[in-house]
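Novice: Mind looking over this structure? Questions follow.
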Amino acid sequence: MKITPNLMFKTEAREAFQAYAAIFNADRLDLITFGDMPDAPVGPEWKDKIAHAWLQIGDQAVMGSDSPPGVCADGAETGGEPGSVALHFALKDQAQRIFDALSEGGAVQMPFAPTAWSPGFGMVRDRFGKDWLVNTNPEPAS
């Protein structure tokens, strides 16, 4: 079994997923619009919005879409959407690079730094309002 996060956007899924594809050096990005779906229950202003995004990164993926009014959560008072995506890296430098890229235009909630459980951990809300937990796996005990 695989668990795949699904990120919901008000209208910025295309821009977000194109940015994530670059940040994560994705293997594949598929974007299907509401216009690609002849029976989509949306008005003409939604035809170019994303109905389904698939971002393939190795053997893992992230899905997402734009959400017509009344479907997407309104988000917290701080501007974010409910939930977060946790990322785990073997190398601290790799985790730091991803954290820095997600931070561009966003808001750092907890700076990337060593913690009691990790040589490098940080929390950031990206410029699209999504929360990310970036973690470096600890070295195995010898």
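The values are calculated or read from the model by the stated rules, or taken from the named source; none is laboratory data. Source: prediction; values computed, not measured. FYI the Cβ positions are ideal-geometry reconstructions off the backbone, even for glycines, and counts take in every protein chain you see. Areas reflect the complete protein model, heavy atoms only, side chains present, ligands, DNA and RNA absent. Shrake-Rupley method; radii C 1.70, N 1.55, O 1.52, S 1.80 Å.
Novice: Give me the extension gain from Ala116 to Asp27: residue separation times 0.36 nm, minus the current Cα-Cα distance, reported in nm with one decimal.
Specialist: 28.7 nm
Novice: Then there's this: How much of the accessible area of the chain, in percent, comes from carbon and sulfur atoms when a 1.4 Å probe is used?
Specialist: Whole-percent figure for carbon plus sulfur exposure: 55.
Novice: Counting pairs of alpha carbon atoms under 8 Å apart in space and at least six apart in sequence, what relative contact order in percent does the chain give?
Specialist: It comes to 21 percent, rounded to a whole number.
Novice: Once the Cα atoms of helix 13-23 and of the chain are each reduced to a long axis, what angle between those two axes, in degrees from 0 to 90 to the nearest 10, is obtained?
Specialist: With rounding to tens, the tilt is 30 degrees.
Novice: Of Lys49/Lys130; Lys2/Lys92; Lys2/Lys47, which sit over 21 Å apart, Cα to Cα? Spell out each step's value before the answer.
Specialist: On the way: Lys49/Lys130 18 Å; Lys2/Lys92 25 Å; Lys2/Lys47 30 Å.
Violating the 21 Å Cα-Cα cut-off are Lys2/Lys92; Lys2/Lys47.
Novice: Next question. What does the net charge come to around Phe89 if you take all other residues with beta carbon closer than 14 Å to its beta carbon, with K and R at +1 and D and E at -1?
Specialist: -1
Novice: Okay, next question. Can you give me the distance in nm between label points at Gln109 and Val42, each placed 7 Å from the Cα along the Cα-to-Cβ direction?
Specialist: Label at Gln109, label at Val42, 2.6 nm between them.
Novice: Still on this structure, I have one more. At R0 = 35 Å, how high is the FRET efficiency between Leu91 and Arg127 if r is their beta carbon distance? Nearest 0.05 is fine. Mind dumping the intermediate values first?
Specialist: On the way: r = 25 Å, r/R0 = 0.71.
So, using R0 = 35 Å, E works out to roughly 0.90.
Novice: Per residue, how much accessible area does the range 23-62 have with a 1.4 Å probe, in Å²?
Specialist: That works out to 59 Å² per residue.
Novice: Given a Förster distance of 35 Å, report the FRET efficiency between Gln18 and Glu139 from their Cβ-Cβ distance, rounded to the nearest 0.05.
Specialist: Values: r = 35 Å, r/R0 = 0.99.
So the FRET efficiency works out to roughly 0.50.
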